[in-house]
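Engineer: Questions regarding the structure given below will be posed in turn.
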Amino acid sequence: MSIGHTLLGLLESGPRHGYDLKRAFDEKFGHDRPLHYGQVYSTMSRLLKHGLVEVDGIEAGGGPERKRYAITDAGITDVQRWLATPEKPAEHLQSTLYTKVVLALLTRRDAAEILDTQRSEHLRSMRILTDRKRGGDLADQLICDHALFHLEADLRWLELTAARLDRLREAVKR
């Protein structure tokens, strides 16, 4: 995820302080990985340097000065370009799990056990996500669905690989 573009998009609704941006980001996108304050402020400094945001005001308070940031026309254009650019699908052509299975076969270890252990871990993760989905709002349900669909695809791969272990064992020996 592009943190900078996401913060820019959040600024399109109006100027905000760094604290407000962090809170809005965490509410909408950071359920599992909230932003650190330092990440917000370093990103805002970079966006300011590139002319994508400007300081809309500075407020003095009991602590450090609070800058209020506003998106510039260049920032709006940058967000629009980012939104219109399709993401490259993750193909996972060199996965760690595949490497473990092949290495297990090459070293005469039990690759089926590795697949079974991984299947159990995937099912555990799916149960957690399903519980989270039940109690979540629409946004949380959608992000859980996304993760669940990927885990389901992984499970299909685990089953297919388990069914082909003998053939794979022969193929990697060559």
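The values are calculated or read from the model by the stated rules, or taken from the named source; none is laboratory data. Note that this is a predicted model, so its numbers are computed, not measured. Here the Cβ positions follow ideal geometry from the backbone for every residue, glycine too, while neighbour counts run over all protein chains shown. Just so you know, the surface numbers come from the protein's heavy atoms only, side chains and all, with ligands and any DNA or RNA stripped out. Shrake-Rupley method; radii C 1.70, N 1.55, O 1.52, S 1.80 Å.
Engineer: I'd like the residue in the stretch 17-36 that is open to solvent by less than 60 Å² (accessible area, probe 1.4 Å) and outside any loop (DSSP other than H, G, I, E, B) and, out of all such residues, is nearest to Ala84 (Cα to Cα).
Structural biologist: Here is the first cut: in the stretch 17-36, the ones open to solvent by less than 60 Å² (accessible area, probe 1.4 Å) are 17-18, 20-22, 24-26, 30, 35.
Pick out the ones that are also outside any loop (DSSP other than H, G, I, E, B) and you get 17-18, 20-22, 24-26.
On the way: His17: 27, Gly18: 26, Asp20: 26, Leu21: 23, Lys22: 24, Ala24: 22, Phe25: 21, Asp26: 23 Å.
Among those that are open to solvent by less than 60 Å² (accessible area, probe 1.4 Å) and outside any loop (DSSP other than H, G, I, E, B), it is Phe25.
Engineer: Counting just the residues of the stretch 59-73 that are without any contact (Cβ under 8 Å) to a residue 24 or more places away in the chain and either under 19 Å from Ser13 (Cα atoms) or touching a Gly at 6+ places or on another chain (Cβ under 6 Å) (or both), which one comes out most open to solvent (accessible area, probe 1.4 Å)?
Structural biologist: Once the filter is applied, the top-ranked residue is Asp73.
Engineer: Then there's this: Would you check which residues across the stretch 1-16 are among the polar types (S, T, N, Q) and in a helix (DSSP H, G or I) and list them? Step through it out loud before you land on a result.
Structural biologist: Looking only at the stretch 1-16, we keep the residues that are among the polar types (S, T, N, Q), and these are 2, 6, 13.
Listed by number, the list holds a single entry, Thr6.
Engineer: Does the stretch 104-132 hold any residues that are open to solvent by 60 Å² or more (accessible area, probe 1.4 Å) and under 17 Å from Arg167 (Cβ atoms), and which are they?
Structural biologist: Of everything in the stretch 104-132, those that are open to solvent by 60 Å² or more (accessible area, probe 1.4 Å) and under 17 Å from Arg167 (Cβ atoms) turn out to be Leu106, Arg108, Asp110.
Engineer: Moving on. Report, ordered by the first and then the second residue, all pairs with beta carbons closer than 6 Å, sequence separation of six or more or different chains, a first member in the stretch 140-161 that is at negative phi, and a second member that is of a type in the set (D, E, K, R).
Structural biologist: Gln141/Lys133; Cys144/Arg132; Cys144/Lys133; Leu158/Arg119
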